[in-house]
Amino acid sequence: MPCEVKPIRYGHSEGHTDVCFHEDGSCIVTCGSDGDVRVWESLDDDDPKSINVGEKAYSLALRNGKLVTAVSNNTVQIHTFPDGDPDGILTRFTTSANHVTFNASGTRVAAGSSDFMVKVVEVTDSSKQKTLRGHDAPVLSVAFDPTDEFLASSSCDGSVAVWSVEDQTRVVNWNVLPKCNDVSNAKSLCRLAWQPPSGKLLAVPVDMSVHLYERKSWTHVGTLSDDLSAQVVNVVVWSPCGKFLAAGSVGGILSVWDVEAKLCVERQKHERGYTICGMAWHPSGGQIAFTDTEGCLGLLDGLCASSSSSSSTANKSTKAAVSKEPKDYDDLFDEEDADGLLDQCVSDSGSPVKNAVEDDDDDDDDLMPATGKPRNRGSFLDDDDNSQDTGSLKVDKLADDDGGSASLRPVVPAVPRPVYEGPMPTPPQKAFQPGSTPAHLMHRFMMWNSVGIVRCYNDEQDNAIDVEFHDTAVHHAMHLTNSLDHCVADLSQEAVLLACEGTDELASKLQCLHFSSWDTNKEWMVDLPKGEDVQALCLGHGWAAVGTSAMLLRIFSIGGVQREIFSLPGPVVCLAGHGEQLLIVYHRGTGFDGDQALGVQLLQLGRKKRQIIHGEPLPLSRKSYLAWMGFSAEGTPCSVDSEGVVRMLNRSVGNTWTPVCNTRESCKSKSDHYWVVGIHENPQQLRCIPCKGSRFPPTLPRPAVSILPFKLPLCQTSTEKGQMEEQYWRSLLFHNHFSFLSSSGYEVNEESQRQQEKEQQEALMKMFALSCKLEREFRCVELAEMMTQSVVTLAIRYASRSRRMLLAQRLSELALEKASQLEEEEELDEEPAYHSTAQSTGFNQPSRASRQSGSRAAQENDDEYEDADDVQEESMEAEDGAESRKPRVNPFGKGPKGSPEKPSPKPVSKEGRVNPFKVAGAGKSTGSPAGQPRVANVLDTMTMSSRKPSALTSSSKQSKAPVLKPLAPKPRSKAQATLLQMSATKGAGKKPEEKRTEKETEKPAVEKTPSAAGDNVENTRPKTGFQMWLEENRKNILADNPDLEETEIIKEAMGRFRTLSAEARLTWTERAKGGSQTEVADLKKRKREEEEEENKEVDGEMEVDETSAKKKKPLNTSAKLSAFAFNKD
């Protein structure tokens, strides 16, 4: 079995940990800073037994059914094992005990504390204690001599001492360590170890090497070092046979030396690079368990060799080292490596394949790493240094069995080989299913998404799959027997999709439980071709997709019909589906220096199949991997990497990925993580499960889902400006799905969309106000460019009130540009919509024909200046007061509804305002809807020169009325009902004219300025307050600006008129209204003299004909007010 490092497990919370094996190797026992002792049956144990021993546990030792722990309450406690029942306190210190250990027989316990003392306590009688004093700083570690004669200890005072247990005296002392004042500041824990079984050598970690001291003589006889590792050694441990020494370093390097062969025979690296603080060798010698300062548990497996060749090989290697000093290390093993055993392939973990080495010697079984022989330099690939794999043993004095000593000098290579120091390739991450926990767990989640949960139980009692739905209305819970060993699953509102890997006898199978099917057969199964395994799968709306080991993507219908199949550019990593969207993540190449090189494709599988993202690189954090991939509830692709960074696809910026959250910011400790299960854009929610001390949640008890907020990583978000900017851009990003859904044919909540747009504009306005306060006028204009036209008008008013006239002028120019752009967009987009609406709402045929055949552009050119003047007047009327609008709206709302035979007097007052130029010659009905699209927006009937003043005069509140009112459904529907009723009862000869009068009635009721575009405004309408003010002040304007054109004069006049106080503008408005009171009284008196409703109808028709023929002076707004009063009576 190749030597490899098993995937680490999160066993405890962040902090110092310790580990040991049971005497028979049946279990692994660990302790951590969370105060728990956990008993692991194996590294894959998903539910280890937990024993709480205190607030924090610093060290533990296990022997003869007794568990001894050093805890944070300054005591050394003892518990029964494996029950975990408290069995008393062995001893107490004034500060925390840092390390505890048993002697070989398990009768004594030694403990070193931060109060500089070492105590030796009898297990059966804790009153029998021996105290060893002499250290001048906290004690780091203690170690019993296997013969129970000596005790070694290391301290923060820089010394390593050997004590006589019986005499309680210090035998020898070496000052070889760096000094410090506390264990937390120590450069190394300096865990000592005696060589079993006789304690011949004492191993002491010193800086980046291990010093060997001989028993009795206490001389330094050797130094073990790894010339490829420049990391401080933290802990050492001997193999049970005493021939190998393992060491763990601060940087996560695991090294194994063959002491007799004088070489480093194995080196592995912690997959996270964490500091190794605890190590234990399995009693059988085949495994080394280790823990780190982040609470993780790991296992180095495959070290056992049951042949006795280790001893002979070591002896031969020693002789070769002595006899071949001039040659380099590779030449040391030329004689034994002639058969190429050491040059065979390297396993996935970076270790060579184990080779059996036979020898004629028939000694006892020895322990040796699985390599069988020390490896040469060129056979090691999986390491950060990745250049060589040779350790050196610098031996000063090595004691012989007879007490003599020999001196060996290190061998220096004659010609060093070239060393590769470039970036190293990153192992590609394996395929996974988003929303699932690792497959090696016995109880795990196969899927957790917005639809439900799929759990898998695979233990001795049961091998089954449970499917639970969040909404039981979708389907009831299901219990499935997992006879095929399904390992991948997905869940949607239509089906459950399962897949298993293939074996030598059986092919990989895909099974679908289509519970939403309307027929009785709700299950189908497909066998993949031999040698092709399912690695990833997903479900969409009406389809299922499968990524296989053959780099193929297979698509099936939800009913089991095979559809598209195509090759992937690289090995699949994961798949995700939502509606008609399919997201594919694959390896697009080899990453380097810990980075993954992933590509992403986004396909649309609707009627028109297309590829939206064409294999672009998927962004991830440095030295991270993809942890989750999927869609938000609204259908936006999202990703989460192992560093906790959540990214969302930004469709508005060329399908780029924007980071929207970092879950690590919400974690309390480094060992805590959040496991993402879903993302919602409206409301903005990141749904995830907090995992304390691990990356994945347990299946039982059912974990609770937490909601994290989103936050864009903008600069200076602690300031008011940064917070507003983050809020605006996050709102903009999270509401891109509205446009995507509407373009895809889905219904959109318009109310919610309007609310979000309103929030965005409010945020812009707040930033605008803040920039004004900071006197950042250029920044104000930048913000205004992102505003809508109506909000820009508010910004102009704010700037004017803030006495920033230059800014107001800049904003006015910007408002004109926005008005021009809006008019151009409406000409292209809204005109066809209005045209189709007009044809489908009961308009008369002559009007429709005239719209289709007439020249609308010519009419606009003829009337553009009249339209401009009319729009200006109406805009100022709307600004000065609402009285002028009410008489136009009320006649439509209060008009007679019961009888379609009764024409209201409104056409009489409206007919006089018909533009004679539109009637003459062309034969077109003046009331036809041909002009309706032109009056849908006040900007439609103006050219570039006449358009700008009207845009400037319209405030944000007033300009909305003429734009939105023609689209209001209720007034239009009432008018259409009246039109249909009248057209059904009138004769054929009067039908066009009656419809015209009704349409003319509708227009002034719904909108303010439509048909006035073609009228002779100067002769038919009373002047507004602005016009009267302009007549009196025109000379002054021309005197100041003699080169202005007419439209520019109006623009300048409007700007000056707006600067007047509200009282002054109201005075001019009252003066304009004062001249029409007599005419109003006359109209009321005349209308009240009419008799019955039939006579009203006839008189109204005669008045219409008479007005059309004789071109009488049309009535103004006050005349219509009298008509309203007459109808009410």
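The values are calculated or read from the model by the stated rules, or taken from the named source; none is laboratory data. Note that this is a predicted model, so its numbers are computed, not measured. Here Cβ is always computed from backbone atoms with ideal geometry, including for glycine, and neighbour counts include all displayed protein chains. Remember, those area values only see protein heavy atoms, side chains included, never the ligands or the DNA or RNA. Shrake-Rupley method; radii C 1.70, N 1.55, O 1.52, S 1.80 Å.
Please report the net charge: other residues with Cβ closer than 14 Å to the Cβ of W657, K and R +1, D and E -1. Net of charged neighbours comes to 0. What you get for segment 449-548, charging only the Cβ of Lys and Arg (+1) and of Asp and Glu (-1), is a dipole of about 340 debye around the Cα centre.
Rolling a 1.4 Å probe over the protein heavy atoms leaves E1063 with an accessible area of roughly 130 Å².
Annotation: per residue accessible area for segment 765-821 equals 56 Å², rounded to a whole number [probe 1.4 Å, protein chains only].
Of all accessible surface on segment 443-712 at a 1.4 Å probe, what whole percent is carbon and sulfur? The C+S portion of the solvent-accessible surface of segment 443-712 is 50 percent.
Once the Cβ-Cβ distance between S198 and E421 is put in as r, and R0 is 45 Å, what FRET efficiency do you end up with, to the nearest 0.05? After rounding, the FRET efficiency stands at 0.55. The heavy atoms of D1043 offer some 140 square angstrom of accessible surface to a 1.4 angstrom probe.
When only Cα pairs below 8 angstrom with a gap of at least 6 residues are kept, segment 4-301 shows a relative contact order of 15 percent. At a probe size of 1.4 Å, how large is the accessible area of V660, to the nearest 10 Å²? Rounded to the nearest 10, that gives 0 Å². Look at the dipole of segment 4-301 built from charges on Cβ: of C264, I253, F144, the Cα furthest out on the positive end belongs to F144.
Available extension along the chain between A1064 and M805 is 91.2 nm, counting 0.36 nm per residue and deducting the alpha carbon span.
Each peptide in 762-774, 167-179 was scored by the mean count of other Cβ atoms within 10 Å over its residues; highest first, the order is 762-774, 167-179. Projected label points at E23 and L828, each 7 Å from Cα along the beta carbon direction, are separated by 8.7 nanometres. Magnitude of the charge dipole for segment 765-821, about its Cα centre and with charges confined to Cβ atoms of Lys, Arg (+1) and Asp, Glu (-1), is about 320 debye. Summing charges over neighbours of Y746, with a neighbour being any other residue whose Cβ is under 11 Å away from its Cβ, gives -3 when K and R count +1 and D and E count -1. With both labels modelled 7 Å from their Cα along Cα-to-Cβ, the E757 to A633 distance reads 2.4 nm.
The simple spin-label model puts a point 7 Å past each Cα toward its Cβ; for R610 and E505 those points are separated by 5.1 nm. Residue pairs exceeding 23 angstrom between C-alpha atoms, taken from K623/K670; K721/K758; K623/K721; K773/K818; K430/K623; K128/K179: K623/K721; K773/K818; K128/K179. The gain in end-to-end length when the D466 to I707 segment is fully stretched comes to 84.2 nm, 0.36 nm per residue minus the alpha carbon separation. Cα centroid separation, segment 114-153 to segment 661-676: 41 Å. For the residue pairs K66/K187; K187/K711; K6/K49, the alpha carbons lie more than 29 Å apart in K66/K187; K187/K711. Per-residue Karplus couplings for segment 110-120, computed as 6.51 cos²θ - 1.76 cosθ + 1.60 with θ equal to phi - 60°, are listed in order as 10, 9, x, 10, 6, 8, 6, 10, 10, 10, 10 Hz, Gly and Pro entered as x. Carbon-plus-sulfur accessible fraction, segment 1-90 (probe radius 1.4 Å, protein heavy atoms only): 43%.
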